[in-house]
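Encoded as structure tokens, the structure appears first; notes follow it.
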Amino acid sequence: METKPAIVNALSVDVEEYFHAKVFKEGTGGAIGGLESRVEASTERVLTLLASGTARATFFVLGQVAAAHPALVRKIAGEKHEIACHGDSHELVSRQTPKEFRADVRRAKTILEDIAGEPVVGYRAPNFSIGRAQVWAYDVLLTEGFRYDSSTYPILHDSYGDHDAPRFPHEIWRTGSQRLIEFPIGTTRVLGVNLPIGGGGYFRLLPMALTRAGIRRVNAQEHRPTLFYFHPWELDPRQPRPAMPWRHRIRHYIGMAREEGKLFRLFRDVKFDTIRHVLAI
């Protein structure tokens, strides 16, 4: 009997500073001036972790981070990972007009392509901030040369997510013969509810085995790939800890000391590659 090839899942990294995180900004009242940059060192840790195995990833890089650290972008591309766009300033799409959004993604895309020397075709909104009221953003992305988006998390959440959204890659927008593919963050469906297995704070909070089991369940029972994401700052427990309300402190810092080891085991046990490879575009 012929054995089916193993399903390859998609791995992504949102390259931003720890102080770009929405919960960090809210917890500090937006007072992030003067905080040290740590993105280069934390992203180097991610690259070292990936180099220890066989996983490749899509790196959604902020334009401002790329402009400040061009050598880091070139190193990511040089190690055969995919460079994608996370916008320029980490401003929520829901707080921008279509004109402002177009300027933001155009600026970031230009910076990234100039540094990496290759086309940038993927986009992820800060904090998954393309909601139902921002569907106009898909047309902007398509006309600006993007081929896929990854700004949907099909879960119920107090800050982002759409639990009714499709759970797997699908066409989200079309203009003539051009189409934009949406690749949502990974979930597994249990008793009619979408459970998060796609990374972020849930991965830091919960045992790694739950995420691994969820991904394997989707691969085996639904025969579909999942998408996992994390941030370099989640591997940096020594980052500054300014005063903030306890609920923000818990959500931002929980599980950081264990993150790197959990990711190492996940990458060892689950097959990952770039989004572009998984979508074959």
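The values are calculated or read from the model by the stated rules, or taken from the named source; none is laboratory data. From a predicted model like this one, the values you see are computed outputs, not experimental measurements. Cβ placement follows ideal geometry from the backbone for every residue including glycine, while neighbour counts extend to all protein chains displayed.
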(message) Of everything in the stretch 105-140, what is under 18 Å from the mean Cα position of the chain (by Cα) and farther than 21 Å from residue 186 by Cα? Give them in sequence order.
(response) 105, 108, 109, 112, 120, 137
(request) Filter the stretch 110-148 for residues that are of a type in the set (D, E, K, R) and surrounded by fewer than 20 Cβ atoms within 10 Å (Cβ to Cβ) and give the result. (result) 113, 114, 118, 132, 139, 144, 147
(message) Restricting to the stretch 264-275, name every residue that is closer than 9 Å to residue 11 by Cα and outside any loop (DSSP other than H, G, I, E, B).
(response) 272, 273, 275
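Quick grid of which residues meet (1) in contact (Cβ under 8 Å) with a residue 60 or more places away in the chain; (2) assigned to a helix (DSSP H, G or I); (3) farther than 19 Å from residue 142 by Cβ:
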| site | (1), (2), (3) |
| --- | --- |
| 74 | no, yes, yes |
| 89 | no, no, yes |
| 99 | no, yes, no |
| 103 | no, yes, no |
| 107 | no, yes, no |
(message) I want to confirm something. Restricting to the stretch 168-195 and keeping residues that are crowded, with 21+ Cβ neighbours inside 10 Å and without any contact (Cβ under 8 Å) to a residue 40 or more places away in the chain, which single residue is nearest to residue 220 (Cα to Cα)?
(response) 188
(request) Could you list, in sequence order, all residues of the stretch 247-281 that are surrounded by 16 or more Cβ atoms within 10 Å (Cβ to Cβ) and among the aliphatic types (A, V, I, L, M)? (result) 256, 263, 266, 270, 275, 278, 279
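Table: residues versus (1) closer than 23 Å to residue 260 by Cα; (2) crowded, with 16+ Cβ neighbours inside 10 Å; (3) among the β-branched types (Val, Ile, Thr).
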| position | (1), (2), (3) |
| --- | --- |
| 9 | yes, yes, no |
| 14 | yes, yes, no |
| 20 | yes, yes, no |
| 41 | yes, no, no |
| 63 | no, yes, no |
(message) I'm trying to understand the selection: among the residues of the stretch 188-220, which are β-branched (Val, Ile, Thr) and in contact with a helix residue (DSSP H, G or I) (Cβ under 8 Å, 6 or more places away or on another chain)?
(response) 188, 197, 211
(message) List the residue pairs whose Cβ atoms are under 6 Å apart, where the first residue sits in the stretch 42-62 and is under 27 Å from residue 240 (Cα atoms) and assigned to a loop (DSSP other than H, G, I, E, B), the second is modelled with pLDDT of 95 or more and of a type in the set (Asp, Glu), and the two are 6 or more positions apart or on different chains.
(response) 62/16
